[in-house]
Each structure stands twice: as C-alpha cells, then as structure tokens.
Amino acid sequence: MRNVRMQIAYDGARFFGWQRQDGFESVQGALEEAVHSLLGEVVSVQGAGRTDTGVHGLRQVAHCHVASALSDDRLRHALNAHVRDGVVVRRLETCRDDFHARFDAIGKRYVYVVVTERFRPAFGNEQFHWVNQPLDHAAMSAAARVLEGEHDFSAFATSGSKPSTMVRTVAHIRLVARRGRFAIFVQGNGFLYNMVRAIAGTLIDVGRGRLSPDDVRIALESRQRSNAGPTAPAAGLYLLRVLYPRSERVFAGRDRGPAGVPGLFQY
C-alpha cells in the first residue's frame, strides 16, 4: 500500500458537492468509483475541503491509499480514463504515508468570479455570478480591508456545521477587475460554512451602494448574520488552491508529459 495525493479539478455544477452522499453524485464518490473500477479496491478519498453543491474546484487536493504498482504518471492516466465527466486528476504523486490532505493544510485560496455585462451571457451561466449594475470598486476594496485579519466571522457564516470557534484569519482579499468581469480572491487559514460566498455577496452589496464599508465593520463586530450582505450564488465560487507548509513540497516542479508540454507554449 502507498499513499498518493492528487490535485483535482471539477465542475461543481455536475455534482452535489464534494462529500459522498447516498443517492447523489459527488466528487468524492466519483473518484472512489474510479479507483474501484480501475484497481478493484474500496478506498476512502479524503479531500482538503468539502465544497458545496455548485462550487467548483481548480486545485482541490485529496489523498488515498492504494496497492497499485503503476507509476504515478500511469496511475493518473488510468484514473482519468475511468473517472466520470466533470472531474480531472491534474497531478498525482506518491507521498509520505501519514500525509493528510485536510489536516496538513495550512490555508486555502478561493476566487469568486462575477460577470458584469448588461445582459446575461448566452453560455457558461453555471460558472459565474452575473451582475448588470455599476459597482463602486473603491468602496468594495475598502470593505474588503475591513475583513482582513483575525476576526470572529459569525456574521459571515450560514447555518451548517458547528465549529469549536468562529474565529478565522483572512490573510488578504483582492479584487481584480477586467472588462466585463471581476474576481474576488480570498485567502485564509480556514473558512466557515458559506463564509466566502457571504463575503462576496456583502462586497457586491457595498459596490451597489446598499452597504458601506462602515456597515461591514458594524456587521463584523455584531456577529449577526442578518447585518451582513446576502450569500452569493455557488456558481461563481472556485477553490483555487490548498496551501501547505513549504517543507511539504506538494506537486513541485513542472508537469511534463512523455512528449513534452502540450500546445504551443513550451516552457
């Protein structure tokens, strides 16, 4: 048996979240079924985080123990041939036996994507949130700064699991604007249930003028969910990266195939 960790991308619109659920398609279930189909082994694939229905993954990390003698690269190719559409194992590597995708993580980075065209785009509506109103970038940035640092984020969590503490540290929140769209990047040491979506919905309401940066500060200090903005739709949220200590060297180096890097850009 060896422990392998995987970097996984998935289309959240096709699944009822990450976590395995009887009678519902989940990302965890799809990966476990792929391993069973390929190797005949019943495994438990443990992810770094449990994304909800409709939330996407770009670089989710998971691990499981397998008995296969296939090389890491051959095992990755074989799993991708067996896993259902909407999931891709981007990277795979054998790791130390006690590595745990969730418990060894020191933080996560999410991105919330918003399209700001006048009319709803013709396709891809399950991959972003659409807002067709003018937004105040300066006010949103000021409100984002209020939320940075260590705080009790009770006002930005919806009902769900009951953690031992509502205190989290948000390292930074960045707004990156492009013509016709913008993204909200949020990085922290951990997040409460729907916390990033609540932050995104609150910042968008600040941009619309429904809330001010001072209102966000008051909501944070009040610890009351009703004082913050709405929970933004799941479609715009992506788990961008799981963070580990530098000493772990997770998925280090370039990912070259047998014939080199696919496409025109050969790095």
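Quick note: the coordinates plus some simple rules give every number you see, no bench work behind them. No experiment lies behind these values; they were computed from the predicted model shown. Note: ideal-geometry Cβ built from the backbone for every residue, glycine included; neighbour counts use all protein chains shown.
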*Between L243 and residues 5 or more places away or on another chain, which pairs have amide H atoms under 5 Å apart, with H built 1.01 Å from N, and which residues are they?*
I106, G107, K108, R109
*If you wrap a convex hull around the C-alpha atoms of the chain and split its volume per residue, what is the figure in Å³?*
154 Å³
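For the chain, what is the calculated [θ] at 222 nm in deg cm²/dmol (nearest 500), taking -39500 (n - 2.57) for each run of four or more DSSP H residues and dividing by its residue count?
-7000 deg cm²/dmol
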*For the chain, with a Gaussian network of springs between Cα atoms less than 10 Å apart, report the residue from R181, R246, R217 with the top mean-square fluctuation.*
R246
*How far apart, in nm, are two points set 7 Å out from the Cα along the Cα-to-Cβ line at Q133 and at R2?*
5.5 nm
_Helix axis angle, 213-222 relative to the chain longest principal axis, alpha carbon, degrees_ = 70 degrees
_Sites matching chymotrypsin sites (Phe, Trp or Tyr not before Pro) across the stretch 107-181 that sit in DSSP coil, with at most 14 neighbouring C-beta atoms within 10 Å_ = F119, F123
*Ranked from highest to lowest mean number of other Cβ atoms within 10 Å per residue, what is the order of the peptides 253-261, 132-140?*
132-140, 253-261
*Note the angle between two axes, namely the Cα long axis of helix 72-82 and the longest principal axis of the Cα atoms of the chain, as a number of degrees from 0 to 90, rounded to the nearest 10.*
70 degrees
*asked:* Within 13 Å, Cβ to Cβ, of R2, how many net charges do the neighbouring residues add up to if Lys/Arg are +1 and Asp/Glu are -1?
replied: -3
*For the stretch 107-242, what relative contact order do you get, as a whole percent, if you take Cα pairs closer than 8 Å and at least 6 residues apart?*
38 percent
*Restricting attention to the stretch 55-162, which GluC sites (Glu not before Pro) occupy a DSSP loop and are surrounded by at most 14 other Cβ atoms within 10 Å?*
E117
*For the chain, find the longest principal axis of its Cα atoms and tell me its angle to the long axis of helix 27-39, 0 to 90°, nearest 10.*
10 degrees
